[in-house]
Amino acid sequence: MTETEDRFLERCRAIVGPAHVLVDPADTAPYLTDWRGRFTGRARAVVSPASTDQVAALVRLCAEWRVPVVPQGGRTGLVLGSVPDASGTALLLSLRRLNRVRAVDGFNRTMTVDAGCILSAVQDAAAEHGMLFPLSLAAEGSCTIGGNLATNAGGTGVLRYGNTRELCLGLEVVTASGEVWDGLRGLRKDNTGYDLRDLYIGAEGTLGIITGAVLKLFPQPKAAITALVALCSTDHALQLLKLVESHCGPTLTGYELMSDVCLRLVASHFPSLPRPFPGRYPQYALLELSSHESEAHGVALLEGAIERALESGLVQDAVVATSIAQSRALWAIREHIPLAQAAAGKNIKHDISLPLSRIAAFVAATDAALETHYPGVQVVCFGHLGDGNLHYNIAPPEGIAHEDFLREQAAINRIVHDNVAACGGSISAEHGVGALKRDELPRYKSAVELDLMRALKAALDPHGIMNPGKIL
């Protein structure tokens, strides 16, 4: 360590205390490797501030010294957005100590929280006040609200409640110069200029660091009713979605697609989980209704929709959960798909979104193209069909080593992403761009759009210190 670096770190210690500036490789290692274990970066230190003022002081210091800053929440992202590069020049700011629920306004149905609050803790805090914070995703026991906002996370409730952007009313942000923008306003209408909140949400920490947020809360439903249905095709799954939305209206809060490959994968690696149907079917849909009237009302709605679908031939078989335990068991099948994939070995992941009208065509065309180029390839397709978001993951054919198959990632990405673009979709639906998809953007975004993004970056982060190398 040079004398200059030592002086910089001494100033960091003066801001947050010596115990919260980590430099020993054994201490920093857990912060530097991405969630999937595929990349390990380097940092000059890992610093853990405990307040917005400390974050602001650290950013002012970094701006003065021209030190890059990488903000990090729960480190659950999948696109290398919250880990530093290999240069070792960046200061990694872990926001996990910013974990207070600052206030709950029951009448306004809002909660003000620190960015480092774990998502499940926010859900629990809302429930303690008899309300619902509906953002729900597999990593909710580890991910943080700041990370959810920075990536505009989606999850299973987007169909009814929207992405994280729609669940946030106000932000507190530390700018690239170390100033604090207090936009913690619990207003549902505020037309007083540019919407800075929406600018920072989804920016992945490249324009500033989110340190606090005002979140929307909702009434707790009286009952949640879950069903798993068996289908012949993706097209039938889409037709069923239209039927259920028409029959059940806004009570439909979740609609997940899972292929037979997904269920067989889960059954292979998690044999204790239920197998709802004696036979096998090409596709399955997991539905959830949230009734604000009664459980009986929700069950009647869902069973009525499924009965119509069975009569019309859209659905081949169906199971409706009759208890909370059964509902959780059905959701466990969906939630264990990524875990089963990890247990099976490495794979090539895609987080894509498409217009609902193009999903069936995309799946058919892309499945065929991949089979042509990689005979025997295994497509593990599942996701939030209700909002057009698919996790279209590719595993190697039998007999092909996973490491060898990963060398084909660029070619496989080209097939998938080009087909996504041809169908009017997006190559990133809910995970962000990070460093992983950064170099793909020029192929799929216009020069005008990229120039506007670069202009925003230059205006708000003129020294280029905020999470450099991500998105742009």
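The values are calculated or read from the model by the stated rules, or taken from the named source; none is laboratory data. Model, not experiment: these values are computed from the prediction. Glycine also receives a Cβ, built like all others from the backbone with ideal geometry; neighbour counts cover every protein chain displayed.
Structure notes:
- Residues that are surrounded by 17 or more Cβ atoms within 10 Å (Cβ to Cβ) and either assigned to a strand (DSSP E or B) or in contact with a Gly (Cβ under 9 Å, 6 or more places away or on another chain) (or both) within segment 225-243 comprise ILE225, THR226, ALA227, LEU228, VAL229, ALA230, LEU231, HIS236, LEU241, listed in sequence order.
- In segment 364-400, the qualifying residues are those that are assigned to a loop (DSSP other than H, G, I, E, B) and β-branched (Val, Ile, Thr), and the one that is surrounded by the fewest Cβ atoms within 10 Å (Cβ to Cβ) is ILE400.
- In segment 85-110, the residue that is farthest from ALA223 (Cα to Cα) out of those that are in contact with a His (Cβ under 8 Å, 6 or more places away or on another chain) and either in a loop (DSSP other than H, G, I, E, B) or not β-branched (Val, Ile, Thr) (or both) is ARG97.
- Within segment 309-344, the set of residues being closer than 30 Å to ASN152 by Cβ and in a loop (DSSP other than H, G, I, E, B) comprises just one member, HIS336.
- Selected residue (only one of GLN409, GLN378 is over 22 Å from the mean Cα position of the chain (by Cα) and polar (S, T, N, Q)): GLN378
- Residues satisfying the stated conditions in segment 35-84, i.e. of a type in the set (Phe, Trp, Tyr) and in a helix (DSSP H, G or I): TRP65
- Here THR164, THR192 are screened, and the one residue that is hydroxyl-bearing (Ser, Thr, Tyr), surrounded by fewer than 23 Cβ atoms within 10 Å (Cβ to Cβ) and either on the phi < 0 side of the Ramachandran plot or touching a residue at least 24 places away in the same chain (Cβ under 8 Å) (or both) is THR192.
- Pairs with Cβ under 8 Å, 6+ apart, first in segment 212-227 and polar (S, T, N, Q), second not in a strand (DSSP E or B): GLN220/ALA127; GLN220/GLY130; THR226/ALA321; THR226/GLN326; THR226/SER327; THR226/LEU330; THR226/TRP331
- Here ILE359, ILE352, ILE306 are screened, and the one residue that is assigned to a helix (DSSP H, G or I), in contact (Cβ under 8 Å) with a residue 60 or more places away in the chain and in contact with a Gly (Cβ under 7 Å, 6 or more places away or on another chain) is ILE359.
- Residue match in segment 294-316 (condition: within 19 Å of ALA421 (Cβ to Cβ), exposed (fewer than 14 other Cβ atoms within 10 Å of the Cβ) and among the polar types (S, T, N, Q)): no
- Single condition ARG38 does not satisfy, out of (1) at pLDDT below 95; (2) charged (D, E, K, R); (3) out of contact with any strand residue (DSSP E or B) (no Cβ under 9 Å at 6 or more places or on another chain); (4) surrounded by 14 or more Cβ atoms within 10 Å (Cβ to Cβ): (4)
- Flag for GLY130 being surrounded by 20 or more Cβ atoms within 10 Å (Cβ to Cβ) and either out of contact with any helix residue (DSSP H, G or I) (no Cβ under 9 Å at 6 or more places or on another chain) or over 30 Å from ARG66 (Cα atoms) (or both): no
- Considering residues of segment 434-449 that are exposed (fewer than 15 other Cβ atoms within 10 Å of the Cβ) and either assigned to a helix (DSSP H, G or I) or hydrophobic (A, V, I, L, M, F, W, C) (or both) only, the residue nearest to the chain's Cα centre (by Cα): ASP439
- Subset of segment 174-219 (residues that are of a type in the set (Val, Ile, Thr) and in a strand (DSSP E or B)): VAL174, THR175, VAL180, ILE209, ILE210, THR211, VAL214
- The one condition in (1) part of a strand (DSSP E or B); (2) among the small types (Gly, Ala, Ser); (3) at pLDDT below 95 that GLY249 fails to fulfil: (1)
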